[in-house]
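Report on the following structure.
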Amino acid sequence: MKNKDESNKTTVVKVDSFGDKEEKTNSTETILVEKREKVGLITLNRPKSLNALNRQLAKETLSALKKFDSDPDVGAVVIAGSPRAFAAGADIEEMAEKTFIDFYMDDFLSSWDEVRTIKIPIIAAVSGFALGGGCELALLCDFIIASDDAQFGQPEIKLGILPGIGGSQRLAKSVGKSMAMDMVLTGRNIPAQEAKEIGLVARVVPKEELLQTAIEAAQTIAGFNSPSVRMAKSAVNMAFETPLDAGLKQERLLFKAAFATEGQKEGMNAFVNKRAPVFRNK
Ligand code: DAK
């Protein structure tokens, strides 16, 4: 199989995919990893295959996410692609000759499920194509900010398969049965504005503002008290994972738990005294 990846194993100063000049703190074969103040930025970096999600990219992305999640200086993560593609799906070349037994014995694509274990918020900054596994990766993130040229789709049916990284489930929960069926069964792409209208995407911004908008949203989140942010993320996720009654109970428990944080005392004290809060992530 031809190698479409450029290797970037050293610390380098590069012009990133959205035109900003930044210091790359750590780069691997398939992703670029950097910190911007309290935000971790992972840029998928297989531009020649439109960021097709191969085994190595999955491994490196999960590893970077776990490192950010355990870094006390990082409060949120942005996952971005290139201007042309967030990701055009799982790597078809890598998958083409696989058999049932291959996947059964080594279901490497299921490692994406581990994104669910990340406690800090993850924002997908989607430009261009987010198809198949790419759309599913965006759905695995906590919310999606899209550029005005983004396209979302689950075109697996055209390849004789179906979504396999949770697309049929998360898409249906996100946009409802009818729209999920439309996308999964016809394989059609939907443009950013339509994705916003159906609730798949939180915000649509001009392409040149995408990365900055996503980073700013992540900085805002990272500026709040980290334990409370993690509790809030966990509470919202309960809505998708449990019946309403269990979700409400968990929310109430987490709400009370927030009063055990220093951040709650600081946030409310700051409000009462008309000053800006200083959160210490405790
Ligand atoms: N995989 C590998 N290479 C890809 C790719 C992909 N998904 N998508 C694009 N590329 C490559 C193209 O082959 C081409 O390579 P070269 O010919 O230059 O070497 C290069 O990227 C540029 O693509 P195009 O020349 O096609 O560019 P266009 O602008 O004309 O078209 C496109 C862009 C995005 C409409 C088109 O590339 C396209 O339709 N791509 C495929 C989209 C797709 O079908 N995505 C779904 C893949 S299936 C599982 C879990 C999950 C999955 C499977 C199993 N388990 C847990 C078991 C997930 C499956 C999928 O995602």
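FYI, it's all coordinate maths here, none of it is from the lab. Worth saying up front: this structure is predicted, and the values here are computed from it rather than measured. Please note: Cβ atoms are built from the backbone with ideal geometry, for glycine as well, and neighbour counts cover all protein chains shown.
General remarks:
- Ellipsoid fit via the Cα gyration tensor, the stretch 190-253: semi-axes of 28, 19, 5 Å, each the root of five times an eigenvalue, largest first.
- Between amide H atoms placed 1.01 Å from N, distances below 5 Å from Ala85 occur with Phe129, all of them 5 or more places distant or on a separate chain.
- DSSP beta bridge pairing in the chain, given as percent antiparallel to the nearest 5: 35 percent
- Its DSSP H runs of at least 4 residues, each contributing -39,500 (n - 2.57), put the calculated 222 nm mean residue ellipticity of the chain at -11000 deg cm²/dmol, to the nearest 500.
- Base-10 log of normalised Debye intensity for the stretch 81-150 (one unit scatterer per alpha-carbon) at q = 0.15, 0.19, 0.20 Å⁻¹: -0.56, -0.81, -0.87
- Quick note on the stretch 221-261: its Rg to Rh ratio, both from C-alpha atoms and Rh being the Kirkwood radius, is 1.01.
- The stretch 109-243, Rg to Rh (Cα coordinates; Rh as Kirkwood inverse mean 1/r): 0.97
- By the compact-protein rule of thumb, 2.2 N^0.38 Å, the alpha-carbon radius of gyration of the chain corresponds to a ratio of 1.03.
- Over the stretch 21-148, the reciprocal of the mean inverse Cα-Cα separation, the Kirkwood hydrodynamic radius, stands at 14.8 Å.
- Cleavage-rule hits, GluC sites (Glu not before Pro), the stretch 67-100, DSSP coil, Cβ neighbours within 10 Å at most 14: Glu97
- Our estimate of slack between Thr242 and Glu262, defined as 0.36 nm per intervening residue step minus the Cα-Cα distance, is 4.3 nm.
- Selected from Pro227, Pro206, Pro83 as most flexible by GNM, with the chain as the system and alpha-carbon contacts under 10 Å: Pro206
- Likely footprinting exposure, Lys207, Lys98, fewest C-beta neighbours within 10 Å first: Lys98, Lys207
- Highest-fluctuation residue, Thr61, Thr99, Thr220 considered, GNM on the chain with Cα pairs under 10 Å: Thr99
- Take the Cα of Lys249, step 7 Å toward its Cβ, do the same at Asp69, and the gap between the two points is 2.5 nm.
- Karplus-derived HN-Hα couplings along the stretch 236-244 (A = 6.51, B = -1.76, C = 1.60, θ = phi - 60°), whole Hz, x at Gly and Pro: 5, 4, 4, 4, 9, 10, 9, x, 3
- For Ala76, the residues whose amide H sits under 5 Å from its own are Gly40, ignoring neighbours fewer than 5 places away on the same chain, with H placed 1.01 Å from N.
- Residue exposure sequence - Arg170, Arg55, Arg280 - by fewest surrounding Cβ within 10 Å: Arg280, Arg55, Arg170
- Of the trypsin sites (Lys or Arg not before Pro) found in the stretch 231-273, none is in coil by DSSP with at most 13 other Cβ atoms within 10 Å of its Cβ.
- Put in order of Cβ neighbour count within 10 Å, fewest first, the listed residues Cys135, Cys141 become Cys141, Cys135.
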